[in-house]
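All remarks here apply to the structure that follows.
The values are calculated or read from the model by the stated rules, or taken from the named source; none is laboratory data. Values in this document were obtained by computation on a predicted structure and should not be read as measured data. Ideal geometry is used to build each Cβ from the backbone, glycine not excepted, and the neighbour counts take in all protein chains shown. We work out accessible area using only protein heavy atoms, side chains counted, and drop any ligands, DNA or RNA first. Shrake-Rupley method; radii C 1.70, N 1.55, O 1.52, S 1.80 Å.
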Amino acid sequence: MTTVDHKRIAILYGVTAFIFLLIGGLEAGVIRMQLASADNDLIGAGRFNEMFTMHATTMVFMVIMPLGVSFFNFVIPLAIGARDVAFPRLNALSFWIFLFGAVLMHMSFVVNQVPDAGWFSYANLTEKPFSPNRGLDFWSISLLVMGVASVAGALNFIVTIINMRAPGMTFMRMPVFVWMTLITSILLVLAFPVITVGLIELTLDRNFGTHFFIPAEGGDPILWQHLFWIFGHPEVYILILPPMGIVSEILPTFSRKPLFGYPFVVFSGIVIGIMGWAVWSHHMFTVGLGPVANSVFTITTMLIAVPTGVKIFNWIGTLWKGAIEFTTPMLFALGFVALFIIGGLSGVSHAVSPSDFQQQDTYYIVAHIHYVLFGGSMFGIFAGAYYWFPKITGRMMDETIGKINFWLIFIGMNLTFFPMHFLGLNGMPRRIYTYSAELGWENLNRIASFGYIVLFVGILVFIYNILKARNSRRVSHDPWDAPGLEWSIASPPPAYNFAEIPQIQGRDHYWIVKEKAEAAGTPITEPEALVDPSSIHMPSPSYWPIFTAVGVTLIGGGLLSHYALSFVGGVIAMMGVIGWSNEPAAAPSDHH
Amino acid sequence: MAHAVEQEYTTTGLNHRKLLMWVFLGSDCLFFASLIATYMVYRGQSLVGPYPNDIIDVPVTTISTFVLLMSSFAMVQALAATNADNRKATINWLLATALLGSIFIGFQIVEFNTFKNEGLTLGGNLFGASFFTLTGFHGAHVTLGIIWLLALAILGMKGRINSKTALDVELCGLYWHFVDIVWIVIFTLLYLIAGFDVGPVAIPGG
């Protein structure tokens, strides 16, 4: 509750997000069961709307983003040779606000007023006359609360990466995962304020009588779409860049050669980060922005495929003539590359605005986003989980079960989402709760629903593998013979990470160190020796972060129930900040 | 830097907190940019009055703008006094900054009240909605800054502000100047440029 250790916060993020993965996964299950046969009446249209809204909202904001943050937390300080993040208490605050915001969102189930307007909640469907219950207030206010957490976290990682690199770690020696974290964090810091304003305007519309998105009063629902997608498209890269970074760590490790064309991968990431701001209207081709806007955004969207393609060729180049080991993390990383190519190609097909007119709002789009977010992001995350598990716990996950795990998820994922391409091209719209048997969509939907079951079993196998690992043998500090700095210390790492802040010798630092030691005839078999923890000055635990987080969440909760509660929340948050600033960040000492 | 005595090693030599503040201000830029964009998109789109020309009072707001700009001057003085270890001047200039900020907020409260009495409300038309949302959030930023300044002044009275802890004042100053700059943009756009709009007008290119 009071921890400020980045490694523990990483585990908190990971476990929390995994629980939400199960919740979001079950919501997807309800959707798939409903659509498994034509004219099904398992659940009604209203409940179906709630399911797809909460499925997407959960997966984007409460699963993939926090899982990414979980890896940032665990890996970044270790990979740059730091003892913690720049602001350990702020880091704890981010986690608690995220958790409370996510819980607040799910309170909507308790009062049975669940958000039901889709994850991008287009105006003016979201306005009071069309969505009279509190569902969308839960949606917008919880997202505002979680936005605070995201921005605070991103600020923290930007400062950490820029300012806390060990001596010798220049920018161009940083592991690609660190680079992608930096870019992602910058995107987050700049994108979230935009959606914040959109959400504030929506909340004002619904509760304070404004007409920002109500056409009858002169308001423009398209403004919501612009605000949402100016945030929403960078958000897509926020979801995919961290897994790209993870894969860029894993492929070289198991090909036993350095990443091919490191500067190209880094600069492609930067270009994606910049161009991600210039493509948002490709989500709005059918809105009627005019031929000029559609042409421009078609071109920019096709251009952004270039740096993405560069990365894919670099990954393939890394594999080329490598001594490839098919470990579980490697399988997931290869799965990422393969599936992301499919998702990327279908993406390019709707970058072309005329062809997008055919695909807009069909299952083709659903197939595309699941290939990039499941086949891409989630595969990257699974790869990372298997890769860093021995570092996090000091134990190994079972490789055989891991491979079963991979194949189940790989097959399940393709069975579920590949047929959706055909369904979409055959005209099946997304977000319909049932369809007539005459349309001939039933067989493909059956396959997709069956695929879901395979996927589900795959996830269960993953859980089993984690639980089983508790009793598995301890492994050395460097079981993969990896290049990253994090592998030079004990597993699990001591609270202070590095007894001595290392001097970085180059890209793939630990490979260089190991090679030199080998050449000198004294190969490294042990991690950096442990030292007495009290000799190293670490930040002390603090209960102010969780205290402040309660206050911030109550401000939001009060807007949903009673304004007095917001006031109480404001007072608590203020007290938290005062207590926070009066508390020394670490036990007093006169040296570092 | 003279006041960086207690600072720990950083890769770039920049202080963590200062870097954090700069990046945060970058983030806040996008926040105000979105609000300002909303205002400009809805410029001249209100279906019913009151319209800007009916109620915007440029001379009065020019005075409050001047007051706010002077508060930035006081803020600079406060930081200079802190660096010079002049405790009394530090406290006085911090309080002066807070006071000038409060006068600005006072003007805003009066302005909001007058506008309300003249029929401009959040729910009345788009002009009211986007005007109050934008200037309201700016006012909230100023208010937060005043609380921060007062907290610093109290710390100063306890003798905890000196050239070694000048960063505490400097960060508040960065924030304060940023909020001022945002106001200059708002004043220019909402008052000087769009303040004389009469009725729903066609905006060139809009």
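Some observations on this one:
- Which numbered condition A:PRO307 misses (of (1) open to solvent by less than 50 Å² (accessible area, probe 1.4 Å); (2) closer than 27 Å to A:ASN405 by Cβ): (2)
- You will find that of B:SER64, B:SER34, B:SER71, the residue that is open to solvent by less than 20 Å² (accessible area, probe 1.4 Å) and either in contact with a strand residue (DSSP E or B) (Cβ under 6 Å, 6 or more places away or on another chain) or under 30 Å from A:ILE230 (Cα atoms) (or both) is B:SER34 and no other.
- If you go through segment A:160-175 and keep only what is surrounded by fewer than 24 Cβ atoms within 10 Å (Cβ to Cβ), part of a helix (DSSP H, G or I) and hydrophobic (A, V, I, L, M, F, W, C), you end up with A:ILE162, A:PHE171, A:MET172.
- Scanning segment A:352-392 for residues that are out of contact with any strand residue (DSSP E or B) (no Cβ under 9 Å at 6 or more places or on another chain) and among the hydroxyl-bearing types (Ser, Thr, Tyr) gives A:SER353, A:SER355, A:TYR364, A:TYR371, A:SER377, A:TYR386, A:TYR387.
- For segment A:113-163, the set of residues classified as of a type in the set (Ser, Thr, Tyr) and within 14 Å of chain B (Cβ to nearest Cβ) consists of A:SER150, A:THR160, listed by residue number.
- Annotation: of all residues in segment A:353-384 being open to solvent by 10 Å² or more (accessible area, probe 1.4 Å), without any contact (Cβ under 8 Å) to a residue 60 or more places away in the chain and of a type outside the set (S, T, N, Q), the one that is farthest from A:MET413 (Cα to Cα) is A:PRO354.
- Enumeration of residues in segment B:42-61 that are in contact (Cβ under 8 Å) with a residue 60 or more places away in the chain and outside any loop (DSSP other than H, G, I, E, B): B:PRO52, B:ASN53, B:ASP54, B:ILE55, B:VAL58, B:THR61
- Test: residue in segment A:411-434 that is surrounded by fewer than 22 Cβ atoms within 10 Å (Cβ to Cβ) and free of Cβ contacts under 8 Å to residues at least 12 places away in the same chain: yes
- Those residues of segment A:183-208 which are touching a residue at least 60 places away in the same chain (Cβ under 8 Å), closer than 13 Å to A:LEU136 by Cβ and of a type outside the set (Ser, Thr, Tyr), in sequence order: A:LEU202, A:ASP205, A:ARG206, A:ASN207
- Being assigned to a helix (DSSP H, G or I), in contact with a helix residue (DSSP H, G or I) (Cβ under 7 Å, 6 or more places away or on another chain) and open to solvent by less than 10 Å² (accessible area, probe 1.4 Å) is a condition met by at least one residue of segment A:284-291.
- Filter result for B:LEU134 (open to solvent by less than 20 Å² (accessible area, probe 1.4 Å), aliphatic (A, V, I, L, M), over 24 Å from B:VAL169 (Cβ atoms) and not in a helix (DSSP H, G or I)): no
- Selection within segment A:164-213: residues that are among the polar types (S, T, N, Q) and facing chain B (nearest Cβ under 7 Å). The member of this set that is farthest from A:VAL266 (Cα to Cα) is A:THR210.
- Filtered residue count, segment A:516-554, keeping only those that are surrounded by 13 or more Cβ atoms within 10 Å (Cβ to Cβ), without any contact (Cβ under 8 Å) to a residue 60 or more places away in the chain and assigned to a helix (DSSP H, G or I): 4
- Count - residues of segment A:466-490 that are touching a helix residue (DSSP H, G or I) at 6+ places or on another chain (Cβ under 6 Å) and among the hydroxyl-bearing types (Ser, Thr, Tyr): 1
- Number of the exception - B:SER27 against (1) within 19 Å of the chain's Cα centre (by Cα); (2) crowded, with 16+ Cβ neighbours inside 10 Å; (3) among the polar types (S, T, N, Q); (4) more than 10 Å from chain A (Cβ to nearest Cβ): (4)
- Remark: A:HIS233 falls outside the filter, which requires a residue to be closer than 17 Å to A:SER140 by Cα and touching a helix residue (DSSP H, G or I) at 6+ places or on another chain (Cβ under 9 Å).
- Test: residue in segment A:228-248 that is assigned to a helix (DSSP H, G or I), open to solvent by 10 Å² or more (accessible area, probe 1.4 Å) and over 20 Å from A:ILE365 (Cα atoms): no
- B:LYS164, sole failed condition from (1) closer than 23 Å to B:MET75 by Cβ; (2) under 19 Å from the mean Cα position of the chain (by Cα); (3) open to solvent by 60 Å² or more (accessible area, probe 1.4 Å): (2)
- The residues of segment B:30-46 that are more than 9 Å from chain A (Cβ to nearest Cβ) and more than 14 Å from B:ASP197 (Cα to Cα) amount to a single one, B:ILE36.
- When A:SER488, A:SER561 are checked against the criterion of being of a type in the set (Ser, Thr, Tyr) and at pLDDT below 90, a single residue qualifies: A:SER561.
- A:GLY101 vs. criteria in contact (Cβ under 8 Å) with a residue 12 or more places away in the chain, in the same structural domain as A:PRO242 (by TED's automatic domain parsing) and either closer than 21 Å to B:ARG17 by Cα or open to solvent by 10 Å² or more (accessible area, probe 1.4 Å) (or both): no
- Sole residue being open to solvent by less than 50 Å² (accessible area, probe 1.4 Å), modelled with pLDDT under 95 and more than 14 Å from every other protein chain (Cβ to nearest Cβ), chosen from B:GLY123, B:GLY159: B:GLY159
- Screening segment B:51-61 for residues that are open to solvent by 20 Å² or more (accessible area, probe 1.4 Å) and farther than 24 Å from B:GLY101 by Cα and picking the one that is nearest to the other protein chains (Cβ to nearest Cβ) gives B:TYR51.
- Residue match in segment A:126-135 (condition: surrounded by fewer than 22 Cβ atoms within 10 Å (Cβ to Cβ), touching a residue at least 24 places away in the same chain (Cβ under 8 Å), of a type outside the set (Ser, Thr, Tyr) and in a loop (DSSP other than H, G, I, E, B)): yes
- Residues located in segment B:13-24, provided they are assigned to a loop (DSSP other than H, G, I, E, B) and either more than 11 Å from chain A (Cβ to nearest Cβ) or open to solvent by 50 Å² or more (accessible area, probe 1.4 Å) (or both): B:LEU14
- Residue match in segment A:446-453 (condition: on the phi > 0 side of the Ramachandran plot and in the same structural domain as A:MET169 (by TED's automatic domain parsing)): no
- Helices (runs of 4 or more DSSP H) contained in segment A:8-122 and holding at least 2 residues modelled with pLDDT under 95 and over 30 Å from A:GLY440 (Cβ atoms): A:88-110
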